[in-house]
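*Asks:* Please read through the structure below; I'll follow up with questions.
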Amino acid sequence: GEDVEQSLFLSVREGDSSVINCTYTDSSSTYLYWYKQEPGAGLQLLTYIFSNMDMKQDQRLTVLLNKKDKHLSLRIADTQTGDSAIYFCAEKDSGYALNFGKGTSLLVTP
Amino acid sequence: GAGVSQSPSNKVTEKGKDVELRCDPISGHTALYWYRQRLGQGLEFLIYFQGNSAPDKSGLPSDRFSAERTGESVSTLTIQRTQQEDSAVYLCASSLAVGRTYNEQFFGPGTRLTVL
C-alpha cells in the first residue's frame with residue numbers, strides 16, 4: 001500500500017502546544033484522519049480533513065494540510081497530561097480501507 | 001450496542017493451535033473491517049465486509065487466515081496453525097457503509113494475541 005510516515009515520539013510540557021507531523025505518498029487521498037489510541041483502548045477518531053481543505057479547527061485541535069507537499073499536521077493547543085497517547089495519521093483514497101502510519105507517541109510532562 | 005466490542009480481550013495460545021477472534025460491530029453498521037497491529041507498527045488492513053460479503057481478501061497474510069460474517073452482524077477472524085509472527089493486536093472496526101465518501105470507522109478495543 002501507499003506509505004504514511006510519522007515521527008515516532010514527541011515530548012512536550014503541559015500547557016505547551018504539540019505539533020505532530022505526517023507525510024503520505026498517495027496523491028489520490030480523499031480524506032485524512034487523526035486517531036488517538038490510549039493504553040488498552042481502541043482507536044478514537046479525533047478529527048479528519050477532506051483533501052480540498054487546507055485547515056480545520058476543532059477546539060484545541062488544528063489540522064493543517066499541504067496537499068502539494070503531501071504533509072499533514074495536528075496541533076494540540078494547551079496540551080494536557082490527558083493528551084498523552086499514541087496519535088495515528090491515516091489516509092483514505094477512493095477505496096475502503098484506511099492506510100495508517102506507525103503512530104507518534106506523545107508524552108506530556110507536568 | 002454502544003460501540004464495537006471484541007472478544008476475547010487477550011488470548012495466549014501455543015504455536016500450531018487455531019484461534020477464533022470475535023467482533024460485534026455497532027448495530028446498523030453494514031461495513032466491518034479487520035486490522036492487525038504488530039508491536040511498534042501501524043495498522044495493517046486485513047479484510048473488510050460489506051454486509052456478509054468480503055469482496056477483497058488480498059490483505060489476509062496467508063491462507064491460514066480466514067474471516068466470516070453472518071447476519072450482517074458478528075464477524076469472526078480465524079487463524080489456523082498459529083505462528084509466533086501472528087502475535088499482534090487484532091482490531092475490528094465498523095462503519096455505516098463502504099464507499100468513496102467519508103465514513104467514520106469506529107474501532108473496538110482489540111484482541112491481543114500472543115503465540116508462544
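*Asks:* Given the options A:Leu72, A:Leu32, A:Leu43, state which has the largest fluctuation in a GNM of chain A using a 10 Å cut-off (strictly under) for Cα springs.
*Replies:* A:Leu43
*Asks:* From the phi angles alone, apply the Karplus equation (6.51, -1.76, 1.60; θ = phi - 60°) to the stretch B:33-50 and give each ³J(HN,Hα) in whole Hz, x where the residue is Gly or Pro.
*Replies:* With the stated coefficients, the stretch B:33-50 comes to 10, 10, 10, 10, 10, 7, 3, x, 10, x, 7, 10, 6, 10, 6, 10, 10, 10 Hz.
*Asks:* Further, regarding this structure: Which residue, chosen from A:Ser11, B:Ser5, A:Ala97, occupies the Cα position most advanced towards the positive end of the dipole of the protein assembly as shown, where the dipole is computed from +1 (Lys, Arg) and -1 (Asp, Glu) charges on Cβ about the Cα centre?
*Replies:* With unit charges placed on the Cβ atoms, the residue in question is B:Ser5.
*Asks:* Quick one: what Rg and Dmax do you get for chain B from the alpha carbons, in Å?
*Replies:* Computed over the Cα atoms of chain B, radius of gyration and Dmax are 13.4, 42 Å.
*Asks:* Per residue Cα convex hull volume for chain A, in cubic angstrom?
*Replies:* Working: hull volume 10.2 nm³, N = 110.
Hull volume normalised by residue count: 93 Å³.
*Asks:* Can you give the extra length, in nm with one decimal, that the chain gains between A:Asn52 and A:Ser28 once fully stretched, where that is 0.36 nm per residue apart less the Cα-Cα distance?
*Replies:* Working it through step by step, the gained length comes to 7.5 nm.
*Asks:* Another question, then. Which residue, A:Ala85, A:Ala77, A:Ala97, has the most motion in a Gaussian network model of chain A that connects Cα atoms within less than 10 Å?
*Replies:* Per the Cα network of chain A with a 10 Å cutoff, A:Ala97 tops the list.
*Asks:* With the other protein chains left in place, how much accessible area per residue, in square angstrom, belongs to the protein assembly as shown at a 1.4 angstrom probe? Mind dumping the intermediate values first?
*Replies:* Details: 10780 Å² over 226 residues.
Using a 1.4 Å probe on heavy atoms only, each residue of the protein assembly as shown averages 48 Å².
*Asks:* Just which residues of the stretch B:21-53 lose 50 Å² or more accessible area with every protein chain there, against their chain alone, with the probe set to 1.4 Å?
*Replies:* By number: B:Leu43.
*Asks:* Whole-Hz ³J(HN,Hα) for each residue in the stretch B:6-17, computed from phi via Karplus 6.51 cos²θ - 1.76 cosθ + 1.60 with θ = phi - 60°, x for glycine and proline: what do you get?
*Replies:* Taking θ as phi minus 60°, the curve returns 9, 8, x, 6, 9, 9, 10, 9, 8, 3, x, 7 Hz for the stretch B:6-17.
*Asks:* Could you give the longest part of chain B that holds none of the GluC sites (Glu not before Pro) found in DSSP loops with at most 16 neighbouring Cβ atoms within 10 Å? Could you put the intermediate results ahead of the total?
*Replies:* Details: sites that count: B:Glu14, B:Glu104.
Longest stretch, sites excluded: B:15-103.
*Asks:* Taking DSSP loops as anything outside H, G, I, E and B, show the longest stretch in chain A free of trypsin sites (Lys or Arg not before Pro) there with at most 16 other beta carbons within 10 Å. If you can, show how the numbers build up before the last one.
*Replies:* Details: sites that count: A:Arg60, A:Lys67, A:Lys68.
Here the longest segment lacking exposed loop sites spans A:1-59.
*Asks:* With just the Cα atoms defining each centre, how far is the stretch B:26-75 from the stretch A:74-110? Give it in Å.
*Replies:* Using only Cα atoms, the two centres lie 23 Å from each other.
*Asks:* Can you list the residues, at least 5 places off or on another chain, whose amide H is less than 5 Å from the amide H of B:Ile47, using H built in the peptide plane?
*Replies:* When sequence neighbours closer than 5 places are left aside, the close amide H contacts are B:Trp34.
*Asks:* Say R0 is 35 Å: what FRET efficiency, to the nearest 0.05, do A:Gln59 and A:Glu5 get from their beta-carbon distance? Walk me through the numbers on the way to the answer.
*Replies:* Values: r = 27 Å, r/R0 = 0.77.
Approximately 0.85, to the nearest 0.05.
*Asks:* Additional query: Just want to confirm a number: the relative contact order over chain A, from Cα pairs under 8 angstrom separated by 6+ residues, in percent. Please list the in-between numbers first.
*Replies:* Numbers: 275 pairs, mean separation 42.2, N = 110.
Value for chain A: 38 percent.
The values are calculated or read from the model by the stated rules, or taken from the named source; none is laboratory data. Just so we're clear, the structure is a prediction, and the values are computed from it rather than from any experiment. Using ideal geometry, Cβ is built from the backbone for each residue, glycine included, and neighbour counts are taken over all protein chains shown. Just so you know, the surface numbers come from the protein's heavy atoms only, side chains and all, with ligands and any DNA or RNA stripped out. Shrake-Rupley method; radii C 1.70, N 1.55, O 1.52, S 1.80 Å.
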